[in-house]
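I have placed the structure first, in the form of structure tokens, so that the comments after it can refer back to it.
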Amino acid sequence: MAIRHLKRGKSEADRSDEDGRVRKVVEEALRRVEEEGDAAVRQLSAEFDKYAPDSFRLTQGQIDALIATLTPQELADIRFAQDQVRTFARAQRASMTDIEVETLPGVILGHRNIPVQSVGCYIPGGAFPMVASAHMSVLTASVAGVPRIVAATPPFRGQPNAAVIAAMHLGGAHEIHVLGGIQAVAAMALGTETIPPVDMLVGPGNAYVAEAKRQLYGRVGIDLFAGPTETMVIADDTVDAELCATDLLGQAEHGFNSPAVLLTTSARLAEGTMGEVSRLLDILPTARTARKSWEDYGQVILCDTHEEMLAIANDMASEHVQVMTDRDDWYLDNMHSYGALFLGPRTHVANGDKVIGTNHTLPTRRAGRYTGGLWVGKFLKTHSYQRIETDAAAAEIGAYCSRLCLLEGFVGHAEQANVRVRRYGGQDVAYGAAAE
């Protein structure tokens, strides 16, 4: 039996048309912010978010007042989640060490891991207040030692969301702006009269935010191209349809264009899961969003073997991959293209999204083929250095350098080496000719 698609989503051609429309909107918005600065930011915020306060940046007094509206339990839960993220980020940071080695007598090479000096963290929040996204970007940048962390989030129902603001503040943000979408990303990257530009943009967002980051890449660094959320469930008959359907719809509720894919070797599970999806969509409060994603982007693929499922999964490189099989560790050993793996029925994608400690800003649209997700290392730049401590080393390396430069025809390069050979090597070292 060949691989069978029991359900397909939108065609690539339809998706491409949508991308083109988004691209044009973003191009125009970025142009306006670059040319008009704060005035354009204010107009775009009023247009898209119906929000235009005297200042988008919150004062410390405003931050404190918002945090004071949260219950003790809400604050404790935010702190617990941040403790988990901080613990893992610190362990990751400790794995990245500066090095210095003596490769030849008197020749010292090394590298240092230096934080990016300013980062703009975008925290989505127009439809849902994404409290956890503040942990993933702001807190992780803080662990990396970034000296200026700017955080921006859209208003939620017309005003700042207290929980998101608390998470930004407790995570270590130095500036907090209630500003959303393209205008927030553009203001942080390009700079305005009131917001100095940053060196790097991070954080997830909708298709417009993702496209804005793509167009701004090069002028600033970015973490990755994090578009609409994706989820894949790889399952065999060791689990049931309710579990699979719940895990698929748990991510489909993110937006109207969130792909959700089931890969399975069990026809019974495939049919049962589609039935469970229909049942859950009748009772899920977020069904309006999840149903659209499932109808347009949901897929169910029936395979004969685990090897077939592995090949499809690696090719699709989904953002979230939930593995519930009789050989979960085999997938861990053999999966090479994905955002994050969730192994076994006891865990799930929501754990990674909200609390367990791994970062939830992950590659989408098959970017897992060439990059991992956001982590403390994304905020660090590894810079090399070299030092020559003896005359003999300067002369020896210089002689090799001179000959190799002339091999390529770079006479000026060679003379940089030659002057050191003459100065530090006397007449004992041959350069500009073949070695003995």
### Query
In the stretch 288-312, what residues are over 13 Å from Leu248 (Cβ atoms) and of a type in the set (Gly, Ala, Ser)?
Ala311
### Query
Before we move on, is Leu224 of a type outside the set (Asp, Glu) and either at pLDDT 95 or above or closer than 24 Å to Phe56 by Cβ (or both)?
no
### Task
Among the residues of the stretch 38-75, count how many are more than 27 Å from the chain's Cα centre (by Cα), outside any helix (DSSP H, G or I) and of a type outside the set (Val, Ile, Thr).
8
## Note on the structure
Residue pairs qualifying under the 6 Å Cβ cut-off, at least six apart or on distinct chains, with the first in the stretch 58-71 being under 17 Å from Thr153 (Cβ atoms) and aromatic (Phe, Trp, Tyr) and the second being at pLDDT 95 or above and open to solvent by less than 60 Å² (accessible area, probe 1.4 Å), are none
### Query
Picking from Val261, Val300, which residue would you name as being in contact (Cβ under 8 Å) with a residue 60 or more places away in the chain and in contact with a Ser or Thr (Cβ under 9 Å, 6 or more places away or on another chain)?
Val300
### Query
What tally of residues in the stretch 127-165 results from selecting those that are polar (S, T, N, Q) and closer than 20 Å to Gln117 by Cβ?
3
### Query
Quick one: would you say Pro160 is of a type outside the set (S, T, N, Q), closer than 29 Å to Arg366 by Cα and either open to solvent by less than 40 Å² (accessible area, probe 1.4 Å) or in contact with a helix residue (DSSP H, G or I) (Cβ under 9 Å, 6 or more places away or on another chain) (or both)?
no
### Message
Restricting to the stretch 331-383, give me the number of residues that are open to solvent by 20 Å² or more (accessible area, probe 1.4 Å), among the aliphatic types (A, V, I, L, M), farther than 15 Å from Gln251 by Cα and in contact (Cβ under 8 Å) with a residue 40 or more places away in the chain.
### Response
2
### Task
Would you check if there is a residue in the stretch 207-218 being of a type in the set (A, V, I, L, M), in a loop (DSSP other than H, G, I, E, B) and open to solvent by less than 10 Å² (accessible area, probe 1.4 Å)?
no
### Task
Please give the number of the condition Cys244 fails out of (1) open to solvent by less than 10 Å² (accessible area, probe 1.4 Å); (2) touching a His at 6+ places or on another chain (Cβ under 8 Å).
(2)
### Task
Among the residues of the stretch 296-326, write down those that are surrounded by fewer than 21 Cβ atoms within 10 Å (Cβ to Cβ) and of a type in the set (Val, Ile, Thr).
Thr305, Ile312
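Scan the stretch 38-55 residue by residue and report those that are of a type in the set (A, V, I, L, M, F, W, C) and either in contact with a Leu (Cβ under 8 Å, 6 or more places away or on another chain) or surrounded by fewer than 19 Cβ atoms within 10 Å (Cβ to Cβ) (or both).
Filtering the stretch 38-55 down to residues of a type in the set (A, V, I, L, M, F, W, C) leaves 39-41, 44, 46, 48, 52.
Correct list: Ala39, Val41, Ala46, Phe48, Ala52.
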### Out of Ala68, Ala89, sole residue that is farther than 30 Å from Ile301 by Cβ, surrounded by fewer than 16 Cβ atoms within 10 Å (Cβ to Cβ) and not β-branched (Val, Ile, Thr)
Ala68
### Task
Provide a single number: the residues in the stretch 267-295 that are open to solvent by less than 70 Å² (accessible area, probe 1.4 Å) and of a type outside the set (Ser, Thr, Tyr).
14
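The values are calculated or read from the model by the stated rules, or taken from the named source; none is laboratory data. Just so we're clear, the structure is a prediction, and the values are computed from it rather than from any experiment. Quick reminder, even Gly has a Cβ in these numbers, built from the backbone with ideal geometry, and neighbours come from all protein chains shown. Just so you know, the surface numbers come from the protein's heavy atoms only, side chains and all, with ligands and any DNA or RNA stripped out. Shrake-Rupley method; radii C 1.70, N 1.55, O 1.52, S 1.80 Å.
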